[in-house]
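The values are calculated or read from the model by the stated rules, or taken from the named source; none is laboratory data. Values in this document were obtained by computation on a predicted structure and should not be read as measured data. Cβ placement follows ideal geometry from the backbone for every residue including glycine, while neighbour counts extend to all protein chains displayed. These accessible areas exclude ligands, DNA and RNA; they are computed on the full protein's heavy atoms, side chains included. Shrake-Rupley method; radii C 1.70, N 1.55, O 1.52, S 1.80 Å.
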Amino acid sequence: MSDENPKPDLPPHPALAALRTNRNFYGRVHGKTLRPAQRRYLSEDLPALRLRGVSIDENPEREKLDLQAALPGDGPLWLEVGFGGGEHMVHMAHANPQVRYIGCEPFVNGVAMALYQLRETPCPNLKLHPGDVRDLFDVLPGTVLGKVFLNYPDPWPKARHHRRRFVTPEHLEPLFRACKPGAEFRVATDIADYARQTLEEVPQAGFVLERDTGEPWADWYSTRYEQKALREGRVPHYRTFRTP
Ligand SMILES: C[S@@+](CC[C@H](N)C(=O)[O-])C[C@H]1O[C@@H](n2cnc3c(N)ncnc32)[C@H](O)[C@@H]1O
(Lines give C-alpha, C1' and ligand atoms only; values in the text may rest on other atoms or scores of the structure.)
Protein backbone atom coordinates (compact mmCIF):
# COMPACT_ATOMS: atom_id res chain seq x y z
CA MET A 1 0.00 0.00 0.00
CA SER A 2 2.46 2.61 -1.12
CA ASP A 3 2.68 5.13 -3.92
CA GLU A 4 5.59 3.21 -5.44
CA ASN A 5 3.49 0.07 -5.69
CA PRO A 6 0.05 1.01 -6.96
CA LYS A 7 -2.37 -1.90 -7.14
CA PRO A 8 -2.87 -2.26 -10.89
CA ASP A 9 -6.48 -3.40 -10.84
CA LEU A 10 -7.88 -0.79 -8.49
CA PRO A 11 -10.14 1.54 -10.42
CA PRO A 12 -8.44 4.91 -10.73
CA HIS A 13 -10.97 6.69 -8.58
CA PRO A 14 -10.21 9.46 -6.07
CA ALA A 15 -12.32 7.62 -3.49
CA LEU A 16 -9.52 5.11 -3.15
CA ALA A 17 -7.12 7.74 -1.85
CA ALA A 18 -8.71 6.90 1.47
CA LEU A 19 -7.10 3.48 1.37
CA ARG A 20 -3.71 4.99 1.94
CA THR A 21 -2.23 5.31 5.38
CA ASN A 22 1.26 6.38 6.30
CA ARG A 23 1.34 3.99 9.27
CA ASN A 24 2.84 0.54 9.30
CA PHE A 25 0.02 -1.70 8.19
CA TYR A 26 0.90 -5.38 7.99
CA GLY A 27 -2.41 -6.89 6.85
CA ARG A 28 -3.60 -7.48 3.31
CA VAL A 29 -5.22 -4.60 1.46
CA HIS A 30 -5.89 -6.57 -1.68
CA GLY A 31 -6.84 -10.15 -2.49
CA LYS A 32 -8.22 -11.73 -5.65
CA THR A 33 -8.54 -9.56 -8.74
CA LEU A 34 -11.70 -7.54 -8.42
CA ARG A 35 -14.56 -8.50 -10.72
CA PRO A 36 -15.88 -5.78 -13.04
CA ALA A 37 -19.04 -5.47 -10.93
CA GLN A 38 -16.94 -4.98 -7.77
CA ARG A 39 -14.89 -2.29 -9.48
CA ARG A 40 -18.15 -0.62 -10.41
CA TYR A 41 -19.39 -0.65 -6.80
CA LEU A 42 -16.14 0.98 -5.74
CA SER A 43 -16.32 3.62 -8.47
CA GLU A 44 -20.03 4.32 -8.31
CA ASP A 45 -21.08 3.72 -4.71
CA LEU A 46 -18.10 4.30 -2.47
CA PRO A 47 -17.78 8.08 -3.04
CA ALA A 48 -21.17 8.72 -1.44
CA LEU A 49 -20.80 6.10 1.26
CA ARG A 50 -17.40 6.85 2.58
CA LEU A 51 -16.37 9.16 5.36
CA ARG A 52 -14.36 12.11 4.02
CA GLY A 53 -11.37 13.66 5.71
CA VAL A 54 -10.01 10.56 7.42
CA SER A 55 -6.99 9.69 5.32
CA ILE A 56 -3.78 11.61 5.83
CA ASP A 57 -3.74 12.68 2.18
CA GLU A 58 -7.22 14.13 2.44
CA ASN A 59 -6.75 15.72 5.83
CA PRO A 60 -3.04 16.34 6.39
CA GLU A 61 -3.74 18.79 9.25
CA ARG A 62 -5.72 16.03 10.99
CA GLU A 63 -8.67 18.35 11.65
CA LYS A 64 -11.49 16.76 13.60
CA LEU A 65 -14.40 15.36 11.60
CA ASP A 66 -17.75 17.12 11.44
CA LEU A 67 -19.76 14.06 12.40
CA GLN A 68 -23.07 15.88 12.20
CA ALA A 69 -22.42 16.65 8.55
CA ALA A 70 -21.30 13.09 7.78
CA LEU A 71 -23.93 11.26 9.83
CA PRO A 72 -26.75 13.60 10.77
CA GLY A 73 -28.94 12.96 13.79
CA ASP A 74 -28.44 12.47 17.47
CA GLY A 75 -28.44 8.67 17.61
CA PRO A 76 -25.58 6.82 19.29
CA LEU A 77 -22.39 6.36 17.27
CA TRP A 78 -21.17 2.79 16.79
CA LEU A 79 -17.91 1.66 15.20
CA GLU A 80 -16.99 -1.67 13.63
CA VAL A 81 -13.26 -2.27 13.31
CA GLY A 82 -12.28 -4.52 10.38
CA PHE A 83 -15.73 -5.39 9.04
CA GLY A 84 -14.30 -8.00 6.62
CA GLY A 85 -17.06 -8.86 4.12
CA GLY A 86 -19.46 -6.56 5.97
CA GLU A 87 -22.16 -9.10 6.90
CA HIS A 88 -22.29 -8.17 10.60
CA MET A 89 -21.98 -4.44 9.87
CA VAL A 90 -24.79 -4.31 7.30
CA HIS A 91 -27.05 -6.41 9.49
CA MET A 92 -26.42 -4.23 12.56
CA ALA A 93 -26.74 -0.90 10.77
CA HIS A 94 -29.98 -2.02 9.14
CA ALA A 95 -31.41 -3.46 12.36
CA ASN A 96 -30.60 -0.25 14.28
CA PRO A 97 -31.64 2.63 12.02
CA GLN A 98 -31.48 5.14 14.90
CA VAL A 99 -27.77 4.39 15.34
CA ARG A 100 -25.06 6.19 13.36
CA TYR A 101 -22.64 3.48 12.29
CA ILE A 102 -19.06 3.68 10.98
CA GLY A 103 -17.28 0.66 9.52
CA CYS A 104 -13.54 0.55 8.82
CA GLU A 105 -11.85 -1.99 6.58
CA PRO A 106 -8.62 -1.62 4.57
CA PHE A 107 -9.07 -4.86 2.54
CA VAL A 108 -10.53 -3.63 -0.73
CA ASN A 109 -12.18 -6.94 -1.62
CA GLY A 110 -14.08 -6.82 1.69
CA VAL A 111 -15.15 -3.24 0.98
CA ALA A 112 -16.46 -4.34 -2.43
CA MET A 113 -18.41 -7.19 -0.79
CA ALA A 114 -19.97 -4.77 1.67
CA LEU A 115 -20.90 -2.40 -1.16
CA TYR A 116 -22.69 -5.25 -2.94
CA GLN A 117 -24.75 -5.92 0.20
CA LEU A 118 -25.49 -2.22 0.58
CA ARG A 119 -27.03 -2.16 -2.91
CA GLU A 120 -29.49 -4.80 -1.66
CA THR A 121 -29.87 -3.32 1.83
CA PRO A 122 -29.23 0.41 1.77
CA CYS A 123 -28.26 1.85 5.16
CA PRO A 124 -28.47 5.66 5.25
CA ASN A 125 -27.11 5.57 8.81
CA LEU A 126 -23.81 3.93 7.76
CA LYS A 127 -20.54 5.42 6.55
CA LEU A 128 -17.43 3.49 5.58
CA HIS A 129 -13.79 4.28 5.98
CA PRO A 130 -12.05 1.97 3.50
CA GLY A 131 -8.79 2.13 5.40
CA ASP A 132 -7.00 1.81 8.71
CA VAL A 133 -9.06 2.54 11.82
CA ARG A 134 -6.09 4.29 13.42
CA ASP A 135 -6.49 7.08 10.86
CA LEU A 136 -10.09 7.45 12.02
CA PHE A 137 -9.07 7.62 15.69
CA ASP A 138 -6.90 10.67 14.90
CA VAL A 139 -9.85 12.68 13.64
CA LEU A 140 -12.76 11.61 15.85
CA PRO A 141 -13.89 14.68 17.79
CA GLY A 142 -13.54 13.66 21.45
CA THR A 143 -15.47 10.99 23.29
CA VAL A 144 -18.11 10.02 20.76
CA LEU A 145 -18.35 6.23 20.48
CA GLY A 146 -21.16 4.41 22.28
CA LYS A 147 -20.39 0.90 21.04
CA VAL A 148 -17.44 -0.72 19.28
CA PHE A 149 -17.24 -4.13 17.59
CA LEU A 150 -13.97 -5.97 17.09
CA ASN A 151 -15.05 -9.22 15.47
CA TYR A 152 -12.39 -11.81 14.78
CA PRO A 153 -9.41 -9.46 14.51
CA ASP A 154 -6.41 -10.68 12.53
CA PRO A 155 -4.83 -13.35 14.77
CA TRP A 156 -1.12 -12.79 14.04
CA PRO A 157 -0.30 -16.23 15.50
CA LYS A 158 3.51 -16.00 15.56
CA ALA A 159 4.84 -14.75 18.89
CA ARG A 160 7.05 -12.18 17.16
CA HIS A 161 3.93 -10.69 15.54
CA HIS A 162 1.78 -10.39 18.67
CA ARG A 163 2.55 -6.65 18.89
CA ARG A 164 0.72 -6.23 15.55
CA ARG A 165 -2.54 -7.35 17.11
CA PHE A 166 -5.34 -4.85 17.61
CA VAL A 167 -5.30 -5.53 21.35
CA THR A 168 -2.15 -3.48 21.92
CA PRO A 169 -1.81 0.03 23.36
CA GLU A 170 -1.27 1.60 19.93
CA HIS A 171 -4.89 0.74 19.08
CA LEU A 172 -6.56 0.44 22.47
CA GLU A 173 -5.46 3.78 23.90
CA PRO A 174 -6.89 5.94 21.09
CA LEU A 175 -9.97 3.71 21.04
CA PHE A 176 -10.50 4.28 24.76
CA ARG A 177 -10.07 8.05 24.32
CA ALA A 178 -12.77 8.02 21.62
CA CYS A 179 -15.30 6.14 23.78
CA LYS A 180 -18.01 7.81 25.82
CA PRO A 181 -18.30 6.88 29.50
CA GLY A 182 -20.29 3.64 29.69
CA ALA A 183 -19.44 2.67 26.11
CA GLU A 184 -19.50 -1.02 25.21
CA PHE A 185 -16.55 -2.71 23.51
CA ARG A 186 -17.24 -6.18 22.12
CA VAL A 187 -14.42 -8.52 21.17
CA ALA A 188 -15.01 -11.89 19.47
CA THR A 189 -12.08 -14.18 18.79
CA ASP A 190 -11.53 -17.87 18.09
CA ILE A 191 -7.83 -17.84 18.94
CA ALA A 192 -7.00 -18.89 22.50
CA ASP A 193 -3.84 -16.82 22.70
CA TYR A 194 -5.65 -13.79 21.28
CA ALA A 195 -8.29 -14.26 23.99
CA ARG A 196 -5.50 -14.30 26.58
CA GLN A 197 -3.89 -11.11 25.27
CA THR A 198 -7.32 -9.45 25.12
CA LEU A 199 -7.90 -10.13 28.81
CA GLU A 200 -4.48 -8.76 29.65
CA GLU A 201 -4.33 -5.65 27.50
CA VAL A 202 -7.88 -4.34 27.14
CA PRO A 203 -8.28 -3.63 30.90
CA GLN A 204 -4.84 -1.97 30.93
CA ALA A 205 -6.23 0.58 28.46
CA GLY A 206 -9.03 1.40 30.91
CA PHE A 207 -11.90 -0.89 29.84
CA VAL A 208 -13.66 -3.08 32.44
CA LEU A 209 -14.57 -6.68 31.62
CA GLU A 210 -18.33 -7.14 31.90
CA ARG A 211 -19.15 -10.43 30.17
CA ASP A 212 -17.01 -13.39 29.10
CA THR A 213 -18.77 -16.35 27.58
CA GLY A 214 -18.87 -18.87 24.76
CA GLU A 215 -22.40 -17.73 23.88
CA PRO A 216 -22.73 -14.93 21.34
CA TRP A 217 -24.64 -11.75 22.08
CA ALA A 218 -28.43 -11.87 21.59
CA ASP A 219 -28.18 -9.57 18.55
CA TRP A 220 -25.10 -11.27 17.11
CA TYR A 221 -24.92 -11.86 13.37
CA SER A 222 -22.48 -14.55 12.33
CA THR A 223 -20.10 -14.03 9.40
CA ARG A 224 -18.53 -16.40 6.91
CA TYR A 225 -15.30 -15.99 8.83
CA GLU A 226 -16.94 -17.26 12.01
CA GLN A 227 -18.71 -20.10 10.22
CA LYS A 228 -15.38 -21.32 8.89
CA ALA A 229 -13.84 -21.14 12.38
CA LEU A 230 -16.73 -23.19 13.79
CA ARG A 231 -16.45 -25.78 10.99
CA GLU A 232 -12.75 -26.11 11.75
CA GLY A 233 -13.53 -26.75 15.42
CA ARG A 234 -12.22 -23.49 16.86
CA VAL A 235 -13.95 -22.17 19.97
CA PRO A 236 -15.20 -18.58 19.97
CA HIS A 237 -14.84 -16.27 22.96
CA TYR A 238 -17.34 -13.42 23.15
CA ARG A 239 -16.25 -10.68 25.53
CA THR A 240 -17.87 -7.43 26.48
CA PHE A 241 -15.87 -4.60 28.04
CA ARG A 242 -17.18 -1.26 29.18
CA THR A 243 -15.64 2.13 29.82
CA PRO A 244 -16.14 3.43 33.39
C1 LIG B 1 -10.03 -11.93 10.32
S2 LIG B 1 -10.84 -10.64 9.53
C3 LIG B 1 -12.47 -10.67 10.26
C4 LIG B 1 -13.47 -9.92 9.44
C5 LIG B 1 -14.86 -9.71 10.09
N6 LIG B 1 -14.77 -8.87 11.26
C7 LIG B 1 -15.54 -10.99 10.42
O8 LIG B 1 -15.67 -11.31 11.60
O9 LIG B 1 -15.95 -11.69 9.47
C10 LIG B 1 -10.09 -9.21 10.30
C11 LIG B 1 -10.26 -7.94 9.49
O12 LIG B 1 -9.70 -6.82 10.20
C13 LIG B 1 -9.16 -5.93 9.23
N14 LIG B 1 -8.18 -5.04 9.87
C15 LIG B 1 -6.93 -5.36 10.26
N16 LIG B 1 -6.29 -4.28 10.74
C17 LIG B 1 -7.16 -3.24 10.66
C18 LIG B 1 -7.07 -1.85 10.98
N19 LIG B 1 -5.95 -1.32 11.47
N20 LIG B 1 -8.16 -1.09 10.75
C21 LIG B 1 -9.29 -1.62 10.25
N22 LIG B 1 -9.42 -2.93 9.92
C23 LIG B 1 -8.37 -3.72 10.12
C24 LIG B 1 -8.54 -6.86 8.21
O25 LIG B 1 -8.34 -6.23 6.96
C26 LIG B 1 -9.55 -8.00 8.15
O27 LIG B 1 -10.49 -7.84 7.12
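Here is a yes/no grid of residues against (1) in contact with a strand residue (DSSP E or B) (Cβ under 6 Å, 6 or more places away or on another chain); (2) at pLDDT 95 or above:
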residue	(1), (2)
Met113	no, yes
Leu118	no, yes
Leu126	yes, yes
Arg134	no, yes
Leu150	yes, yes
Pro153	no, yes
Ala159	no, no
Positions within region 48-62 being surrounded by fewer than 14 Cβ atoms within 10 Å (Cβ to Cβ) and of a type in the set (Gly, Ala, Ser), in sequence order: Ala48
Taking the stated definitions as given, is Leu126 farther than 13 Å from Ala205 by Cβ, crowded, with 21+ Cβ neighbours inside 10 Å and in contact with a helix residue (DSSP H, G or I) (Cβ under 7 Å, 6 or more places away or on another chain)? yes
Pick out the one residue from Thr189, Thr168, Thr240 that is among the hydroxyl-bearing types (Ser, Thr, Tyr), out of contact with any Gly (no Cβ under 8 Å at 6 or more places or on another chain) and more than 21 Å from Met89 (Cα to Cα). Thr168
State whether the residues of region 137-145 include one that is within 12 Å of the ligand (Cβ to nearest atom), modelled with pLDDT of 95 or more and open to solvent by less than 50 Å² (accessible area, probe 1.4 Å). yes
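Say whether the condition of being open to solvent by less than 10 Å² (accessible area, probe 1.4 Å) and at pLDDT 95 or above is met by at least one residue in region 201-208.
Yes, region 201-208 contains at least one residue that is open to solvent by less than 10 Å² (accessible area, probe 1.4 Å) and at pLDDT 95 or above.
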Give the residues of region 214-227 that are modelled with pLDDT of 95 or more and either open to solvent by 80 Å² or more (accessible area, probe 1.4 Å) or of a type in the set (S, T, N, Q) (or both), sorted by residue number. Glu215, Ala218, Tyr221, Ser222, Gln227
Of all residues in region 25-62, count the ones that are more than 16 Å from the ligand (Cβ to nearest atom) and among the hydroxyl-bearing types (Ser, Thr, Tyr). 3
Within the set of pairs 6 or more residues apart or between chains, which connect a residue that is at positive phi inside region 124-142 to a residue that is not in a loop (DSSP other than H, G, I, E, B) with Cβ atoms less than 8 Å apart? Gly142/Ala178
Of the residues that make up region 151-164, is at least one aliphatic (A, V, I, L, M) and crowded, with 17+ Cβ neighbours inside 10 Å? no
Of the residues in region 63-98, those that are touching a residue at least 40 places away in the same chain (Cβ under 8 Å), more than 16 Å from the ligand (Cβ to nearest atom) and either in a strand (DSSP E or B) or under 18 Å from Phe185 (Cα atoms) (or both) come to Gly75, Pro76, Leu77
